[in-house]
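Notes for the one structure printed next.
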Amino acid sequence: MNGEISTPTDELTQRLSASPRGARLARRLTAMQLTAWGHPHDSEVNDTAQHLVAELAANAVTHGRVPGRDFELRLLLLPEDTLRIEVSDPRGDRPLRFINDAYGEHGRGLILVTLLARTWGVSERDVGKTVWAEIGLRRA
Ligand SMILES: Nc1ncnc2c1ncn2[C@@H]1O[C@H](COP(=O)(O)OP(=O)(O)OP(=O)(O)O)[C@@H](O)[C@H]1O
Ligand SMILES: [Mg+2]
């Protein structure tokens, strides 16, 4: 876990296969859960959460994949209108890095995460790591 976080008022935790299908499912589950939490599909919050989960899940199933192991999605509704997204993968031996290649085909994921999230980071787990991101739920 990343230090202390406030106790969530609600949460979703789901293990998913480390595959493109698992990553797509993570995004769809996020859209459904955000809808259930009062942020419909076409809302900005739902859209932002979907983008964040899509990038973090894509990274988990490509860079963070260990054959035969799942990855895990958690969505936490925190007090003070904060959504915390956590995507955990089993690889502890690979650091995240910013790719400085403006015209390249890679390195967009974490830039997008940086732009969309209010704050984000990586925390170690016993096995692997958790990449987390938080966004505000109040309308801008
Ligand atoms: N979950 C992860 N586990 C291990 N390494 C990661 C993880 N996420 C990102 N990285 C590392 O950080 C780099 C940057 O990630 P980023 O998402 O920005 O780019 P990308 O995944 O390579 O390409 P793109 O997201 O544009 O398709 C990756 O290339 C990889 O080396
Ligand atoms: Mg990526």
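Tell me yes or no: at least one residue of the stretch 52-66 is within 16 Å of ligand 1 (Cβ to nearest atom), farther than 19 Å from GLY121 by Cα, in contact (Cβ under 8 Å) with a residue 24 or more places away in the chain and among the aliphatic types (A, V, I, L, M).
Looking for residues that are within 16 Å of ligand 1 (Cβ to nearest atom), farther than 19 Å from GLY121 by Cα, in contact (Cβ under 8 Å) with a residue 24 or more places away in the chain and among the aliphatic types (A, V, I, L, M), one finds at least one in the stretch 52-66, hence yes.
Would you call GLU44 over 17 Å from ASP10 (Cβ atoms), within 16 Å of ligand 2 (Cβ to nearest atom) and acidic (Asp, Glu)?
Criteria not met by GLU44.
Could you grab me the full set of residues in the stretch 107-140 that are of a type in the set (Asp, Glu) and surrounded by fewer than 14 Cβ atoms within 10 Å (Cβ to Cβ)?
Residues satisfying the conditions are GLU124, ASP126.
Looking at LEU73, LEU110, can you tell me which residue is within 28 Å of TRP37 (Cβ to Cβ), of a type outside the set (Asp, Glu), under 15 Å from the mean Cα position of the chain (by Cα) and more than 9 Å from ligand 1 (Cβ to nearest atom)? Working first, answer last.
Values: LEU110 fails: more than 9 Å from ligand 1 (Cβ to nearest atom).
It is LEU73.
Tell me the strands (runs of 3 or more DSSP E) entirely within the stretch 1-106 that contain at least 1 residues that are open to solvent by 60 Å² or more (accessible area, probe 1.4 Å) and β-branched (Val, Ile, Thr). Don't jump to the end; show me each part of the working.
Working: elements: 10-17, 70-78, 82-89.
Filter on the stretch 1-106 gives 10-17.
The values are calculated or read from the model by the stated rules, or taken from the named source; none is laboratory data. Given the structure is predicted, the values throughout are model-derived calculations rather than measurements. Methodologically, a virtual Cβ is constructed for each residue, glycine included, from the backbone with ideal geometry; neighbour enumeration extends over all protein chains shown. Quick note on the areas: whole protein, heavy atoms, side chains included, nothing else; ligands and nucleic acids left out. Shrake-Rupley method; radii C 1.70, N 1.55, O 1.52, S 1.80 Å.
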